[in-house]
Amino acid sequence: MQCRKCNQKAVINMRQHKLALCALHFPQWMVEQTQRFIEKYRMFTANDRLLVAVSGGKDSLSLWDILWQLGYAADGVYIALGIDGGFGYSQKSQALCEKFAEQRGLRLIVVDVPQEIGLPIPDLAAATQRGKNKPCSVCGLTKRHLLNRVALEGKYDVLATGHNLDDEVAVLFGNTLNWNVGYLQRQSPVLPARHAGLVRKVKPLCRFYEREMAAYALIRGIDYIYEECPHAEGSTTIYYKGLLNQLESDRPGAKLSFYLAFLQAKQKGLFAQSGEEEGFGAAGEPLYTCPSCGGATTVEGLCAFCRMVEKVK
Ligand code: Q46
Ligand code: ZN
Ligand code: ZN
């Protein structure tokens, strides 16, 4: 297989695009495509200050690398969850983020959950009803809250995350199976800030396959954590990803067209878009202000994060 641009040996063949590229042209193509998606979905402009949520994994570090190459002013934020899993998961991933930032002279903000809240995620989950079986719901809530807070406090215009197409399609698939209209209305490459306590969120990698991200990180020599979080095992998302991979291998491009057709259908009004205005969530639900942290909440009174922290205290 030869590179379409230079006829050298191709390192990747993207069947859904009928495009094979070499080790020089593939990363260039990824960077150009990202810029195209940033413009197409009106994610942000060169004047915006960006904050990239990095986990130490290939997607978020590659996103930071791409934005850096494109010349955007992007700082990173790492949430230290205090998860060990027998191999120092959090410690290792933090070290990789720090190394990445140092190599490129970028600013990394680290938020330490045990220091902030008093307990690492697994203990926090055990101390609340929410984490009875798995710490993931407590972890997700904590990450969302802290990322949003760091972005607001630092006066960043946008919070960027490294969700790739496989992530987005697995979520879409799950929400479609359950016809979870509220979540479907919210799923988008851009989530505008609908409340003074919320920051704008964007997903510039949402159209790249996981294998493209892995190839990019490898070619760019990005040192990332290969191990998954120990709590990810057996998750529904991983199960859906397996099913979708099977579909993709029989029908190349199936994931991408499922996702793009969903975005188009939404644009055409498949789900009545009721909550475009500030003060309302994507599903049109009113947003209140948490009296403790000033964040947005769908119920009057403390937000879910502050309630959890109260409970732990
Ligand atoms: S939610 Fe669950 Fe992840 Fe948190 S506890 Fe690990 S697997 S890191 S994306
Ligand atoms: Zn080439
Ligand atoms: Zn709150």
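Of note:
- Only protein atoms count toward the accessible area here, which uses a 1.4 Å probe; on the range 34-186, the carbon and sulfur part of that area reaches 48 percent.
- Fully extended contour minus Cα-Cα distance, from R107 to K134, at 0.36 nm per residue: 6.5 nm
- Among T237, T161, T142, the largest mean-square fluctuation in a Gaussian network model of the chain, built with springs joining Cα atoms closer than 10 Å, belongs to T237.
- Of the chymotrypsin sites (Phe, Trp or Tyr not before Pro) in the range 152-222, those whose Cβ has at most 15 other Cβ within 10 Å and which sit in DSSP loop: W179
- Taking the inverse of the mean 1/r over every pair of distinct Cα atoms in the chain gives a Kirkwood hydrodynamic radius of 20.6 Å.
- With Cα atoms, 0 to 90° folded angle of helix 58-69 axis to the chain main axis: 70 degrees
- DSSP assigns beta bridges within the range 1-127; of those with both partners inside it, close to 30 percent run antiparallel.
- Pairs beyond 30 Å (Cα-Cα), from K18/K99; K201/K266; K92/K201; K99/K311; K201/K268: K18/K99; K99/K311
- Annotation: lysines with alpha-carbon distance below 20 angstrom to K241 (same-chain offsets under eight excluded): K58, K134, K203, K255.
- Gaussian network model of the chain, springs between alpha carbon atoms under 10 Å - residue of Q16, Q103, Q267 with greatest fluctuation: Q103
- The range 135-188 and the range 216-247: distance between their alpha carbon centers, rounded to Å: 17 Å
- Of all the options L124, L67, L243, the one that moves most in a Gaussian network model of the chain with Cα springs shorter than 10 angstrom is L243.
The values are calculated or read from the model by the stated rules, or taken from the named source; none is laboratory data. This is a predicted model, so every value here is computed, not measured. With ideal geometry, Cβ positions are generated from the backbone for all residues, glycine too; neighbour counts draw on all protein chains shown. In case anyone asks, the SASA skips ligands and DNA or RNA and just uses the protein heavy atoms, side chains included. Shrake-Rupley method; radii C 1.70, N 1.55, O 1.52, S 1.80 Å.
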